[in-house]
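Okay, so here's the structure we're looking at.
Where a number appears in this text, it was derived from the coordinates with a stated rule and is not lab data. Not measured: the values here are computed from a predicted model. A quick note on method: Cβ atoms are made from the backbone with ideal geometry, for glycine too, and the neighbour counts reach across all protein chains shown.
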Amino acid sequence: MLEFEDIEDDFDITSSIDEEIEILDEAYRNAYAIVTGKMTVRDLLNKTPDMIFLPFDPNDAESFARILDDVIKYFEENEEYEKCAELISSKKQLDDPR
């Protein structure tokens, strides 16, 4: 049985969690920029050609629709209500493209 003491001392779980939180933040901010039309995936790749983080598959529109509510909730929890309003407006346009 693996005990807590068996885990190497140099593994810092806090920094790992902090890094994951930063990646999630970047992914949601990238999603916000894309859905609101402020940037495209190509723009993001031109800005950072090595790697970009997105919480959806840019080649699958359905994957974006599935996470949009999570993105809105993320900005609501961070009290970034202007972003929430923009995302909700964009979601309405996606749901009713007339």
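Being outside any loop (DSSP other than H, G, I, E, B) and not polar (S, T, N, Q): is that true of Lys91 here?
For Lys91, the condition - outside any loop (DSSP other than H, G, I, E, B) and not polar (S, T, N, Q) - is met.
Glu86 versus (1) exposed (fewer than 12 other Cβ atoms within 10 Å of the Cβ); (2) among the charged types (D, E, K, R); (3) at negative phi: which is the lone unmet condition?
It is condition (1) that Glu86 fails.
Inside segment 35-68, can you point out the residues that are part of a helix (DSSP H, G or I), free of Cβ contacts under 8 Å to residues at least 12 places away in the same chain and of a type outside the set (Lys, Arg)?
Listed by number, the residues that qualify are Asp43, Leu45, Asn46, Ala61, Glu62, Ser63.
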